[in-house]
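Okay, so here's the structure we're looking at.
Values quoted throughout were computed directly from the atomic coordinates according to the rules given, and no laboratory measurement underlies them. Note that the structure is predicted; figures quoted are calculated from it, not measured. Note that we place each Cβ from the backbone using ideal geometry, even for glycine, and neighbour counts take in every protein chain shown.
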Amino acid sequence: MVIKQRAGRAERAAATRRKVLDAAVPLFVEHGYLETTMAALAAAAGVAVQTLYLSFGSKAAVLEAALAQDQPSGWLDAVAAAPDGPSALERHVTAAAADVARRHPLAAVLRAAAADPDPAALLAAERAAALARHAAAVDDLAERPGFTVEVSLQRATESMAALLAPETYALLVAEQGWTVPDWAEWATRHLRAELFPG
């Protein structure tokens, strides 16, 4: 009985979190981080403000949870399963580009609010996590035949992170009208020339 009650509470809490996040994304995108209040988030989600604080603790935590929704799984496994280095590179770039495109509206909100300490810390954490994903991909690529000896692993990771950054997406896709496949193909071509020059 106690186990069922706990399971029921956990399900209700998860449902509340989903409801809040579903309501939060359009509010953040439309009004920005600074103008979106906890009261507005609670009203949009149909929950009490106290419930919102109990579930998340802060507005920054709501934004962080919204950014973390639907993170892709098996990304690095797909890269590792590629038959050769250039194919593994293409798989990583395609997955990374799709992830940046999916997260772009909220990532833009986060960058716009980065003068505030909480979003600034979250932005730094997001950039560090992206760099770590690229570093893991580069570590795999470096084991493949044909990987360059002219570029350090750190420089390769930094090049990949720059070409696949949300800011690059904003410049080329959001502002210039490139498609995501165009952007991914461009990034793949440049990275392949640098990392697999043979």
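Taking just the alpha-carbon atoms of the chain, what radius of gyration and Dmax come out, in angstrom?
For the chain, the Cα-based Rg and Dmax read 19.8, 65 Å.
To the nearest 10 degrees, how steep is helix 2-31 against the longest Cα principal axis of the chain, on a 0 to 90 scale?
For helix 2-31, the angle is close to 70 degrees.
Using only Cα atoms, find the angle between the long axis of helix 153-163 and the longest principal axis of the chain, and express it within 0 to 90 degrees, rounded to the nearest 10.
With both axes taken from Cα atoms, the answer is about 60 degrees.
Give me the Kirkwood hydrodynamic radius of the range 2-59, using the inverse of the mean 1/r over all pairs of distinct Cα atoms, in Å to one decimal. All intermediate terms of the calculation are to be shown ahead of the outcome.
Details: mean 1/r = 0.0842 Å⁻¹.
The answer is 11.9 Å.
Please determine, in degrees from 0 to 90 and to the nearest 10, the orientation of helix 59-68 with respect to the longest principal axis defined by the Cα atoms of the chain, where the helix direction is its Cα long axis.
40
Quick one: longest stretch of the chain between exposed loop GluC sites (Glu not before Pro), exposed meaning at most 16 other C-beta atoms within 10 Å and loop per DSSP?
Segment 36-142 is the longest.
Size of the dipole of the chain about the Cα centre, Lys and Arg at +1 and Asp and Glu at -1 on the beta carbon, nothing else charged, in debye to 20?
Dipole magnitude for the chain comes out near 940 debye.
Treat each spin label as a single point 7 Å out from the Cα along the C-beta direction, and report the residue 39 to residue 87 distance in nm.
5.9
Hey, what do the phi angles of the range 47-54 turn into as Karplus ³J(HN,Hα) couplings, whole Hz, using 6.51/-1.76/1.60 and θ = phi - 60°, x for Gly and Pro?
10, 6, 4, 4, 4, 4, 5, 5
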